[in-house]
Amino acid sequence: MKLILLLFSAAVLLKAQVTPGGSASSAGATGPTGATGATGATGPTGSNGSNGAAGATGPTGATGASVAGSNLFSTIASTTVTATSATTLIGSVTGSTTVPVNTFTAGQYLQFSAQGFISTPATPTSLKIDLNIGGTTRVTTGSVVTIASVTNGTWRLLCGVTTRTAGSSGTQIANCIFEMTGATATPGELPMQSASTWTIDTTATQALDLQATWSTATGSPSITATNIAAWIPGTPLGTTSEVYRRDFTIAAGTYSGTVAPTADTISACASIRCRCDFQFVNNNSVTPSLNLTYTDKGTGLAFAPEFMSPSRNNASGTFQNPWTGRRILDAASSTTPSYIVQLSGTTTTTIGFNVSCFAP
């Protein structure tokens, strides 16, 4: 009986432990996010973008001042005046009737010349001629009676204007003569005088004008200008125009041949006569061997002895300081002139070099 009870208890216990078809347990919670991985390698550089649009063109620079020996303007057409109000005698021109800024300098002389023909009626009439500078009448004939019954008589005006002082309150003075012929060879002369200076701003542009005014239109008087010009005569003594300049230094060091510039050309003197001045300034306590070779219109040569000694040194063997040389370039040429500087030896400090070329 005990055995039977023992087997029955074991069977019940086994049934309780093994239950077929039991439900699965629920999933566990998600674990925390792992750490961020290392940054990957940088990719290759992309291709360059297209160039941007070009910027706008800058403003035109101011017109440079005229220099001695320059023609300011000259008429290329005749102009006739019959009006009873001030009317210009200057028609179409080459150049400009506007004088550029800073053209008028202290002591400068401006010459103004005009010619043409004139016709007057049998009844005498009056004519006034004015020279205007900067929009203001500076000298005038005033209203004067002309010679009567003239047909295509000749007239001329010669005027000189001198700038006494320059600047925003510069001063000028002028005196002129107006002449015309009549029925005979005897001319009539009208002075255009300025006994004192007038004030003018030479740092600003100034317009030139020649005007005529008739007192009446009765009888059809007329004055025609065929030639009018204004210019600054000649080139002042002792002055020329610099057409080429080069400044550079030869640095300290050891040299055995050509140094800057290498075959530098002087294009401005290719077809005109020039005077070129060369100068070296030596700051060394010792003297290197210096040689200047110049290609004069296609012919290679060193400076002649009259310009410098062949060794480029003085009698004691030391470098002349400063050394200067001059070469005159003739107008005829087949090759643009050039020059090179050759140096042999050691320099402890710089050597300065300058070349300036001038045209008359």
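The values are calculated or read from the model by the stated rules, or taken from the named source; none is laboratory data. Remember, it's a predicted structure, so these values are computed and weren't measured experimentally. Here the Cβ is made from the backbone with ideal geometry for all residues, glycine too, and neighbour counts use every protein chain on show. These area figures cover heavy atoms from the full protein model, side chains too; ligands, DNA and RNA do not enter into them. Shrake-Rupley method; radii C 1.70, N 1.55, O 1.52, S 1.80 Å.
Looking at ALA122, ALA148, can you tell me which residue is more than 19 Å from ALA83 (Cβ to Cβ) and in contact with a Pro (Cβ under 6 Å, 6 or more places away or on another chain)? First the steps, then the outcome.
Numbers: ALA122 fails: in contact with a Pro (Cβ under 6 Å, 6 or more places away or on another chain).
Step by step, each of ALA122, ALA148 is checked, and only ALA148 is more than 19 Å from ALA83 (Cβ to Cβ) and in contact with a Pro (Cβ under 6 Å, 6 or more places away or on another chain).
Evaluate the following for VAL144: is it surrounded by 14 or more Cβ atoms within 10 Å (Cβ to Cβ) and under 21 Å from SER78 (Cα atoms)? Give the derivation first.
Values: surrounded by 14 or more Cβ atoms within 10 Å (Cβ to Cβ): yes; under 21 Å from SER78 (Cα atoms): no.
Answer is no for this residue.
Taking the condition surrounded by 14 or more Cβ atoms within 10 Å (Cβ to Cβ), at pLDDT below 90 and within 44 Å of the chain's Cα centre (by Cα), does LEU190 pass?
Considered against the rule, which asks whether it is surrounded by 14 or more Cβ atoms within 10 Å (Cβ to Cβ), at pLDDT below 90 and within 44 Å of the chain's Cα centre (by Cα), LEU190 comes out as yes.
Of the conditions (1) under 17 Å from THR80 (Cβ atoms); (2) touching a Gly at 6+ places or on another chain (Cβ under 8 Å), THR203 fails just one. Which one is it?
(1)
Looking for something part of a loop (DSSP other than H, G, I, E, B) and open to solvent by 60 Å² or more (accessible area, probe 1.4 Å) - is there at least one such residue anywhere in the stretch 199-211?
Yes, the stretch 199-211 has at least one match.
Output yes when any residue across the stretch 221-235 is out of contact with any helix residue (DSSP H, G or I) (no Cβ under 6 Å at 6 or more places or on another chain), modelled with pLDDT under 75, under 29 Å from PHE353 (Cβ atoms) and not basic (Lys, Arg), and no when none is. Give the steps one after another, and end with the answer.
If we filter the stretch 221-235 for residues that are out of contact with any helix residue (DSSP H, G or I) (no Cβ under 6 Å at 6 or more places or on another chain), which is where we start, we get 221-235.
Those still in the list that are modelled with pLDDT under 75 too: 234-235.
From the residues that got through so far, the ones that are under 29 Å from PHE353 (Cβ atoms) too are 235.
Narrowing the set further to residues that are not basic (Lys, Arg) leaves 235.
Yes, that holds for at least one residue.
Testing ALA217 on (1) of a type in the set (A, V, I, L, M); (2) modelled with pLDDT under 90; (3) more than 38 Å from the chain's Cα centre (by Cα), one condition comes back false. Which one is that?
Exception for ALA217: condition (2).
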